[in-house]
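All remarks here apply to the structure that follows.
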Amino acid sequence: MKRSDAKSIAEIIGDFMQQEDIEATMLEHKALSMWAQVVGPGVNRLTTERYVDEGVITVKISSAALRNDLMLSRTAIINQLNQLVGKPVIREIIFR
């Protein structure tokens, strides 16, 4: 049997990632890894825990005053993270 529609490895992996919804998860984790770049080293130092689940980043901040400041700039942080990733994968940030 002759194959006329051969695909490259990159296409096969891309198709698999889209089928299994792995691409969105990878992009979420990429956005999470960009956290320090977006908020800066000072804020990142006061971040004790962070994780992402279904487009929601949860961040534990050790300073209450900083937490309030970040809540005010939440939309800008989300926009910057999504812009760095290239797709709107982050929809919310929860500060604890």
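Can you name the residue in region 30-57 that is under 17 Å from R74 (Cβ atoms) and among the hydroxyl-bearing types (S, T, Y) and, of all such residues, is least open to solvent (accessible area, probe 1.4 Å)?
By that ranking, first place goes to T47.
How many of the residues making up region 24-69 are closer than 17 Å to N82 by Cα and part of a loop (DSSP other than H, G, I, E, B)? Outline the logic, then answer.
Pass one, region 24-69, residues closer than 17 Å to N82 by Cα: 24-40, 50-59.
Narrowing the set further to residues that are part of a loop (DSSP other than H, G, I, E, B) leaves 34, 40, 54-55.
So the count comes out to 4.
Within region 79-93, is even one residue part of a loop (DSSP other than H, G, I, E, B), touching a Ser or Thr at 6+ places or on another chain (Cβ under 7 Å) and either charged (D, E, K, R) or touching a residue at least 12 places away in the same chain (Cβ under 8 Å) (or both)? Write out each step before concluding.
At the first step, the residues of region 79-93 found to be part of a loop (DSSP other than H, G, I, E, B) are 86-91.
Retained after the next criterion (residues that are touching a Ser or Thr at 6+ places or on another chain (Cβ under 7 Å)): none.
No, every residue in region 79-93 fails to be part of a loop (DSSP other than H, G, I, E, B), touching a Ser or Thr at 6+ places or on another chain (Cβ under 7 Å) and either charged (D, E, K, R) or touching a residue at least 12 places away in the same chain (Cβ under 8 Å) (or both).
Could you list, in sequence order, all residues of region 14-29 that are open to solvent by 90 Å² or more (accessible area, probe 1.4 Å) and either of a type in the set (V, I, T) or modelled with pLDDT of 80 or more (or both)?
Of region 14-29, the ones open to solvent by 90 Å² or more (accessible area, probe 1.4 Å) are 16, 18-21, 26, 29.
Residues satisfying the conditions are F16, M26, H29.
The values are calculated or read from the model by the stated rules, or taken from the named source; none is laboratory data. What you are looking at is a predicted structure, and each value in this text was computed from that prediction instead of being measured. All Cβ positions, even for glycine, are placed from backbone atoms using ideal geometry, and neighbour counts span all protein chains on display. Just the protein is used for accessible areas: all its heavy atoms, side chains included, with ligands, DNA and RNA removed. Shrake-Rupley method; radii C 1.70, N 1.55, O 1.52, S 1.80 Å.
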